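Reviewing the structure listed below.
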């Protein structure tokens with residue numbers, strides 16, 4: 001397992017992953033790699049071979065590979081990604097910025113955080129296993145909580161209300177009456193939040209293994225939006241939507257309790 005923080009290019013981590021003989025990569029670690037796909041389609045693998053040589057050289061430069069072998073500490077860290085009992089990940093971005101991601105995995109004893117930065121680097125860092133949710137949230141852009149109180153609504157309250165027609169009521173008089181529900185004020189408050197300019201945002205996910213070792217992903221990810229007035233968190237559950245101002249503690253607590 002890694003003992004300290006290390007930053008390596010995307011292609012270097014991919015090369016180490018392949019050399020360690022690991023299966024399909026976690027979706028939070030998938031990033032765009034620039035190379036000439038036309039050459040590869042034509043059977044010319046020279047560009048791919050160049051990327052592989054460069055990746056190996058970078059791994060050796062950082063002391064993470066030698067003699068064609070990945071350093072055991074890095075190999076064990078990547079293996080933890082595959083075998084973790086608990087994992088949290090997020091996709092996020094700042095306004096007009098590229099999508100970034102963060103993945104935190106834990107086996108109950110060891111834990112690792114991997115952050116994809118804007119400049120296409122993976123930053124790997126050991127973290128405390130009992131603070132995995134906090135480690136995930138700590139990688140997000142820091143933003144203060146938004147203003148106001150939590151808003152809880154049935155999802156059906158957000159559907160466009162249809163005005164009753166003559167066929168529904170049998171009366172033109174009833175058609176002209178204004179319609180309202182107890183949720184209208186809350187919907188208006190929610191619309192006010194959602195109409196603010198976005199300065200950033202993201203989605204947070206979790207997965208855990210059951211007693212048979214099967215990975216169970218959360219049914220409803222958390223969504224956060226950053227606005228000039230602060231950060232808001234949206235969570236869905238059993239037909240209900242809850243939107244609330246979210247500081248670091250709120251986001252970490254909600255992440256830890258994702259079903």
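Quick notes on this one:
- Taking 59, 112, 153 in turn, the Gaussian network model of the chain (Cα-Cα springs below 10 Å) assigns the largest fluctuation to 153.
- Percentage relative contact order, the chain, counting C-alpha pairs under 8 Å, at least six apart: 19
- For the range 1-125, averaging the sequence separation of C-alpha pairs within contact (under 8 Å, six or more residues apart) and dividing by the residue count gives a relative contact order of 32 percent.
- Here the spin labels are modelled as points 7 Å beyond Cα on the Cα-Cβ line, and at residue 159 and residue 248 they lie 4.2 nm apart.
- A simple spin-label model places pseudo-atoms 7 Å from Cα toward Cβ; at residue 109 and residue 22 they are separated by 1.9 nm.
- Cα long-axis angle, helix 46-61 against the chain (0 to 90 degrees, to the nearest 10): 80
- GNM remark for the chain: springs join alpha carbons under 10 Å apart, and the peak mean-square fluctuation among 200, 213, 230 falls on 213.
- Computed extension length for residue 219-residue 187: 9.1 nm, one decimal, from 0.36 nm per residue of separation with the Cα-Cα distance subtracted.
- Helix 184-194 axis, angle to the chain major axis (alpha carbon atoms, nearest 10°): 30
- Mean projected area in nm² (Cα convex hull; one quarter of hull surface) for the range 1-134: 8.9
- Cβ-based exposure ranking for 240, 17, in which fewest neighbours within 10 Å come first: 240, 17
- Build a GNM of the chain with springs between Cα atoms under 10 Å apart, and of 15, 159, 185 the one that fluctuates most is 159.
- Between the range 77-138 and the range 197-219, the alpha-carbon center distance in angstrom: 12
Read the figures in this text as sums done on the coordinates, not as results from a lab. Values in this document were obtained by computation on a predicted structure and should not be read as measured data. Ideal geometry is used to build each Cβ from the backbone, glycine not excepted, and the neighbour counts take in all protein chains shown.
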